[in-house]
Ligand code: HMG
Ligand code: MG
């Protein structure tokens, strides 16, 4: 049996990826409360918001207000998604610890999500990366649609390799395999990582799996087998991408924590407090918790 990492870092992207697609406005106060609950649960990395065009993603228009409202906890890193220098100029005064640029593995998704080609997106990211790093901020680079694209269909490892190389060339510190529409399966996931690992060291790669087809935990396990030890999740399994119709949220962070606890892998996260965070944001959205672990632990509480 292969040995798995003994410790995993989980990044909760719920406040950004989880809420960006909500049709009804979500008050900044609820977003801030969510960040507070996540940090109370032990999350050390939280993707708080994005500095994208409010015409494209209206739900994130309160980015500055949300960043300003957070009571920062020492040791926690607060990240923001940024598509261009306009976004970086708006983000920098809010003091993010991490900036995320997001390329796509396919031309079709790049056009739909960023309104430009892959090459053009890289040209726009280059000054973002340089500006962030000059300000001492770490940059993560996403490869969206690394395991499948809603417009192109199948995505090859060569396509992933090419974008990983381009992100590395512009100085991105960390690269993640994004399964935007949740169609990836374990061997496909490992093949994508093998190519990303040609450009980035193991400790600077991570997995960002949406759970549309219920494959995210299997893909995380497959990633652990090859030593990947950082994953994104979204509390309560919230979310979806506005430019990937039908795609559901990221894997629920509490589902990942439950699996990692069972494997004896440390995360530093208190699963009960994490479920409280899921319950809190679900109540604010007027819905029940839908994640498997969230529902199971909440119903267990009712029974005792
Ligand atoms: P564009 O329309 O081509 O941009 O959009 P433009 O440069 O021509 O500017 C048009 C207008 O937008 C101008 O305003 C700009 O000032 C404004 P106007 O003169 O018309 O009033 N603008 C901005 N405003 C605020 N912040 C900015 C900004 N940039 C321009 N940063 C653009 C290009 C990239 C801006 C647009 O396509 C965009 O915002 N796209 C983001 C889409 C998005 O956020 N998608 C969801 C996140 S990605 C995701 O969820 C996948 C991920 O999770 C990974 C995975 O799941 O695999 C990351
Ligand atoms: Mg995503």
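Each value in this text was obtained by applying a stated rule to the coordinates, not by laboratory testing. Just so it is clear, the model here is predicted, and its values are computed rather than measured. All Cβ positions, glycine included, derive from the backbone under ideal geometry; neighbour counts span all protein chains shown.
Annotations for the structure displayed:
- Residue separation of residue 71 and residue 284 scaled by 0.36 nm, minus their Cα-Cα distance, works out to 74.7 nm of gained length.
- Relative to the current alpha-carbon distance between residue 261 and residue 203, full extension at 0.36 nm per residue lengthens the span by 18.8 nm.
- Computed [θ] at 222 nm, helices only, for the chain once each DSSP H run of length n ≥ 4 contributes -39500 (n - 2.57): -12500 deg cm²/dmol
- Arranged from fewest to most other beta-carbon atoms within 10 Å of their beta carbon, 26, 196 become 26, 196.
- Anisotropy class of segment 1-147 from Cα gyration tensor, a/c 1.5 cut: rounded
- For 149, 175, 116, order by how many other beta-carbon atoms lie within 10 Å, fewest first: 116, 149, 175
- Order by protection proxy (mean Cβ within 10 Å, highest first), peptides 277-286, 135-144: 135-144, 277-286
- Nearest-0.05 FRET efficiency for residue 292 and residue 116, computed from C-beta distance (R0 25 Å): 0.10
- Share of Cα-Cα pairs in the chain lying beyond 36 Å, as whole percent: 8 percent
- Here the label points at residue 225 and residue 107, each 7 Å from Cα along the C-beta direction, are separated by 3.5 nm in the simple model.
- Ranked by how many other Cβ atoms sit within 10 Å of their own Cβ, fewest first, the residues 243, 176, 213 fall in the order 213, 243, 176.
- DSSP-defined beta bridges in segment 9-303 - what % are antiparallel, rounded to 5: 5 percent
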